[in-house]
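Novice: What follows is a structure written as structure tokens; I'll ask about it next.
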Amino acid sequence: METSVISLFKKPSIVIPLVVFILLPWTSSNVHFHHVLIMFMLFATLSQGWNVIGGFAGQVSFGHATFFGIGAYAALVLLKKYGLTPWAGMLIGGGIAMVLGVIIGYPVFRLKGHYFAISTFAVAEIVERLFMNWDYVEGAIGLPAPVLPEGLFNFMWYKTKIPYFYIAFALFLSVLLLVYKIQQSRLGFYFRAIKQSPEAAEGLGIDTAKYKMIAMIISGFLTSLCGSFYAQYILYIDPPSVLSLDISIKIVLVTVLGGAGTVIGPILGAAILIPLSEYSRILLGGTGKGVDLIVFGALILIISVFQPQGIAAFFRKTGK
């Protein structure tokens with residue numbers, strides 16, 4: 001398996017884009033350009049995490065904002081109330097997300113198809129309402145990060161976004177490699193078998209309940225890491241900003257547009273939707289609220305009609 005990962009980095013089609021991307025922040029001093037790059041990597045990483053449960057295992061979840069929010073709150077609460085470095089908070093948040101994945105997965109995996117999707121949406125709504133009324137995390141008021149010295153230990157920089165870019169890039173690359181390894185492994189085969197036909201998978205001796213749970217745990221952990229990063233990046237969170245349905249929907253849209261079940265799909269989807277979202281806000285300002293979601297919906301409709309397997313399918317056809 002290690003050989004397959006190493007061979008991945010011997011391909012010019014992989015190495016050249018990565019090198020170019022590493023150098024991109026230095027091509028412009030525009031702060032918003034740096035922000036768009038960071039958000040692109042964040043949502044590409046989030047979508048890779050969702051891809052494990054939704055793309056590989058075929059369990060469409062609309063509740064991943066719950067894991068994202070858990071990671072965000074874990075990082076900031078532990079930093080503000082206990083002075084714990086955000087790096088530790090990130091790992092603790094990931095651990096909590098894994099436990100939560102088991103708690104959520106046990107009842108919802110008893111459901112199938114759209115009933116499963118609706119149940120994950122309901123869980124996310126419940127968690128958001130709980131945080132809205134939880135005084136320990138400042139409820140609806142929100143939680144600002146304390147002002148601390150700049151540096152890697154405190155995960156804070158005030159004058160530049162470039163350190164955030166390279167941390168986001170490291171997270172993106174790590175998750176990309178992990179998902180690639182999963183795809184190429186026996187675990188990935190089990191996930192895809194469950195997606196194609198749970199009954200047939202059971203017939204082959206695959207414990208579908210067990211492997212669905214594993215997919216949820218991995219996906220929740222990766223999503224939580226992204227939430228912790230986001231909290232440290234914006235330095236203020238409240239339930240609508242990290243636990244809302246919008247986040248879950250956006251993650252799903254990015255993955256489906258690019259191509260669910262493929263490693264390249266989330267990257268392609270994020271490369272289109274995130275710049276579109278960020279720059280539409282600049283061009284249209286407050287009058288353009290929701291325009292990005294309208295465009296997202298139109299793109300998904302077009303892709304669903306003409307290429308249900310996402311943009312990645314075009315590349316596969318071209319490769320042939």
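Novice: Identify, from the list Gly259, Gly227, the residue that is at positive phi and surrounded by 20 or more Cβ atoms within 10 Å (Cβ to Cβ).
Specialist: Numbers: Gly227 fails: at positive phi.
One residue alone meets the criteria, Gly259.
Novice: Further question: Starting from the range 76-88, take each residue that is surrounded by 14 or more Cβ atoms within 10 Å (Cβ to Cβ) and list its partners that are of a type in the set (Ser, Thr, Tyr) and assigned to a helix (DSSP H, G or I), counting only C-beta distances under 7 angstrom and pairs at least six apart or across chains.
Specialist: From the range 76-88, the pairs are Pro86/Ser228.
Novice: So if I check each of Ile96, Ile104, Ile70, which one is β-branched (Val, Ile, Thr), surrounded by fewer than 19 Cβ atoms within 10 Å (Cβ to Cβ) and farther than 18 Å from Thr255 by Cα?
Specialist: Values: Ile104 fails: surrounded by fewer than 19 Cβ atoms within 10 Å (Cβ to Cβ); Ile70 fails: surrounded by fewer than 19 Cβ atoms within 10 Å (Cβ to Cβ).
Answer to the selection: Ile96.
Here's the yes/no breakdown for (1) among the charged types (D, E, K, R); (2) modelled with pLDDT of 95 or more:
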site: Phe67; (1), (2): no, yes
site: Lys80; (1), (2): yes, no
site: Val108; (1), (2): no, no
site: Leu111; (1), (2): no, no
site: Asn133; (1), (2): no, no
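Novice: Could you tell me which of the residues Ile302, Ile274, Ile294 is among the hydrophobic types (A, V, I, L, M, F, W, C), at pLDDT 70 or above and touching a helix residue (DSSP H, G or I) at 6+ places or on another chain (Cβ under 8 Å)?
Specialist: Ile274
Novice: Could you tell me how many of the residues in the range 26-57 are under 18 Å from Ser219 (Cβ atoms) and polar (S, T, N, Q)?
Specialist: 4
Novice: Just to be sure I understand the filter: pairs with C-beta atoms under 7 Å, separated by 6 or more residues or on different chains, first member in the range 164-191 and under 17 Å from Thr255 (Cα atoms), second member of a type in the set (S, T, N, Q). Which pairs pass?
Specialist: From residues that are under 17 Å from Thr255 (Cα atoms), the pairs are Phe172/Thr45; Val175/Thr45; Val175/Gln48; Leu176/Gln48; Val179/Gln48; Val179/Asn51.
Novice: One residue is enough: does the range 207-230 have a residue meeting the conditions without any contact (Cβ under 8 Å) to a residue 12 or more places away in the chain and either hydrophobic (A, V, I, L, M, F, W, C) or in a loop (DSSP other than H, G, I, E, B) (or both)? It would help to see each step written out before you state the result.
Specialist: So in the range 207-230, the residues without any contact (Cβ under 8 Å) to a residue 12 or more places away in the chain come out as 207, 210.
Filter once more, so that each one left must be either hydrophobic (A, V, I, L, M, F, W, C) or in a loop (DSSP other than H, G, I, E, B) (or both): 207.
Yes, there is a match, as at least one residue in the range 207-230 is without any contact (Cβ under 8 Å) to a residue 12 or more places away in the chain and either hydrophobic (A, V, I, L, M, F, W, C) or in a loop (DSSP other than H, G, I, E, B) (or both).
Novice: Under 8 Å by Cβ, and 6 or more places apart or on different chains, what pairs join a residue from the range 99-118 that is touching a residue at least 60 places away in the same chain (Cβ under 8 Å) with one that is hydroxyl-bearing (Ser, Thr, Tyr)?
Specialist: Going by the 8 Å Cβ cut-off, the qualifying pairs are Leu100/Thr66; Gly101/Ser219; Ile104/Thr66; Ile104/Thr120.
Novice: Among the residues of the range 239-250, how many are crowded, with 21+ Cβ neighbours inside 10 Å and under 25 Å from Val31 (Cβ atoms)?
Specialist: From the range 239-250, those crowded, with 21+ Cβ neighbours inside 10 Å are 239, 242-243, 247-248, 250; that's our starting set.
Add one more test, that the residue is under 25 Å from Val31 (Cβ atoms), and what stays is 242, 247, 250.
So the count comes out to 3.
Novice: Does Glu128 satisfy the criteria of being surrounded by fewer than 17 Cβ atoms within 10 Å (Cβ to Cβ), out of contact with any strand residue (DSSP E or B) (no Cβ under 6 Å at 6 or more places or on another chain) and either of a type in the set (Asp, Glu) or on the phi > 0 side of the Ramachandran plot (or both)?
Specialist: When the stated conditions are applied, Glu128 does not pass them.
Novice: It is to be established whether one or more residues within the range 185-193 are more than 20 Å from the chain's Cα centre (by Cα) and crowded, with 20+ Cβ neighbours inside 10 Å.
Specialist: yes
Novice: Moving on. Restricting to the range 149-172, what's the tally of residues that are assigned to a loop (DSSP other than H, G, I, E, B) and surrounded by 14 or more Cβ atoms within 10 Å (Cβ to Cβ)? Working first, answer last.
Specialist: Going through the range 149-172, the residues assigned to a loop (DSSP other than H, G, I, E, B) turn out to be 149-150, 152-155, 157-161.
Filter again for surrounded by 14 or more Cβ atoms within 10 Å (Cβ to Cβ), leaving 154-155, 157, 161.
Looking only at that region, the number is 4.
The values are calculated or read from the model by the stated rules, or taken from the named source; none is laboratory data. Note that the coordinates shown come from a computational prediction; the quantities given were computed from them, not determined experimentally. Glycine gets a Cβ as well: all are built from the backbone with ideal geometry, and neighbour counts include every protein chain shown.
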